[in-house]
Amino acid sequence: MLRFILIVATFVAVEGHGDATFSKRNDPLPDLVAFWPLNNKHFLDDISDNQNHATDPWNNVTLTYKTYRSCTVYEFRGNPSSYLVFPNNGNDFDTRRSTTTMAWVCPYGNPVPIFYFDPTLNDKGVQISQVITGGAPSGLSASVKFTKRDGIPPVTPLEKEIPALNTWYHLAVVYDYENGMGHLYLNGNLESAPFEGEIATQYDAQAGAALLPQEWFNGSITCIQIYNRTLTEAEIKAAI
Ligand SMILES: *[C@@H]1O[C@H](CO)[C@@H](O)[C@H](O)[C@H]1NC(C)=O
Ligand SMILES: *[C@@H]1O[C@H](CO)[C@@H](O)[C@H](O)[C@H]1NC(C)=O
Ligand SMILES: *[C@@H]1O[C@H](CO)[C@@H](O)[C@H](O)[C@H]1NC(C)=O
């Protein structure tokens, strides 16, 4: 009798494992913990299983049709009421170890935070922004600051020049806990820096206006995705 139960249990276990493998194979990229397409099909919805839908507190971020990307995107107006909040309910996108965050961005001009954890900007987690760079044709670089859970030591930000204003670029920021390497990909080009530790991604995230310092993004953003692991360059290209 015991042997029979064991055989049944083994069969059920093998079946269960088979199902898991099958569903994983059908899922193009597993470990997706947040996905806001930010278009006229899904609006502010998070279409990952976690469903942490974004909110537009002042109703001052606008769904806009952009001919050069032949799709709809959200446009930020460069003022303090123009921002989106991404609630990290149950720490669903707390990717404290390895992480990949990506988005499409079209800047109209100013150096500002684009997408960041912790709306107070005290702890930041992963802060994606634009900073002024003397030599760049656009005058701006995309930048990522990773902040460690314990904050110590500070991590040197990674920067990559933005080709031009009013032009879309794709940004992916990656942290690999196993190798202790942070990466910034701008249109697939890579900058990297070493650091070790867990990153402070336990907060809500925000895009657009920031409170401290008071800076607000003027431009468009679409298709923000967060994964709980290090994507390879090929996987990033597929996810784009
Ligand atoms: C944002 O950019 C647009 C397009 O370049 C410009 O017309 C507008 O004045 C800018 N807004 C702010 C607040 O800078
Ligand atoms: C929304 O943005 C517009 C245009 O920049 C501005 O005039 C208006 O005051 C903003 N609305 C709120 C509620 O702040
Ligand atoms: C991400 O993966 C780590 C294991 O590497 C796990 O401990 C953590 O709970 C995961 N976080 C989310 C938000 O899925």
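The values are calculated or read from the model by the stated rules, or taken from the named source; none is laboratory data. Just so we're clear, the structure is a prediction, and the values are computed from it rather than from any experiment. Virtual Cβ from ideal backbone geometry, glycine too; neighbours counted across all protein chains shown.
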Looking at this structure, is Q127 free of Cβ contacts under 8 Å to residues at least 40 places away in the same chain and within 16 Å of ligand 3 (Cβ to nearest atom)? no
Return the residues of region 171-191 that are touching a residue at least 60 places away in the same chain (Cβ under 8 Å) and assigned to a loop (DSSP other than H, G, I, E, B); say none if nothing qualifies. Y177, E178
What do you reckon, is I128 at pLDDT below 90 and either within 16 Å of ligand 1 (Cβ to nearest atom) or under 25 Å from W36 (Cα atoms) (or both)? yes
Please work out which residue is farthest from the chain's Cα centre (by Cα), limiting yourself to region 29-64 and to residues that are among the acidic types (D, E) and under 15 Å from L84 (Cα atoms). D56
Could you check how many residues of region 59-90 are in contact with a strand residue (DSSP E or B) (Cβ under 8 Å, 6 or more places away or on another chain) and not in a strand (DSSP E or B)? 6
The lone exception for A234 - which of (1) away from ligand 2 (no atom under 16 Å from the Cβ); (2) buried (at least 18 other Cβ atoms within 10 Å of the Cβ); (3) of a type in the set (G, A, S) it fails: (2)
Report, ordered by the first and then the second residue, all pairs with beta carbons closer than 8 Å, sequence separation of six or more or different chains, a first member in region 212-228 that is at pLDDT below 90, and a second member that is of a type in the set (A, V, I, L, M, F, W, C) and more than 16 Å from ligand 1 (Cβ to nearest atom). L212/L121; P213/L121
Of residues in region 25-38 being surrounded by fewer than 15 Cβ atoms within 10 Å (Cβ to Cβ) and away from ligand 3 (no atom under 16 Å from the Cβ), the one modelled with the highest pLDDT: P28
Given the conditions (1) at pLDDT below 90; (2) surrounded by 21 or more Cβ atoms within 10 Å (Cβ to Cβ); (3) touching a strand residue (DSSP E or B) at 6+ places or on another chain (Cβ under 6 Å), report the number of the one that A207 does not fulfil. (1)
Selection from region 208-240 of residues that are within 16 Å of ligand 1 (Cβ to nearest atom) and in a strand (DSSP E or B): G208, A210, E215, N218, G219, S220, I221
For region 154-170: of the residues being assigned to a loop (DSSP other than H, G, I, E, B) and in contact (Cβ under 8 Å) with a residue 40 or more places away in the chain, which is farthest from I221 (Cα to Cα)? V155
Considering each of G197, G134 in turn, give the residue that is over 20 Å from the mean Cα position of the chain (by Cα), surrounded by fewer than 21 Cβ atoms within 10 Å (Cβ to Cβ), over 18 Å from F86 (Cα atoms) and free of Cβ contacts under 8 Å to residues at least 60 places away in the same chain. G134
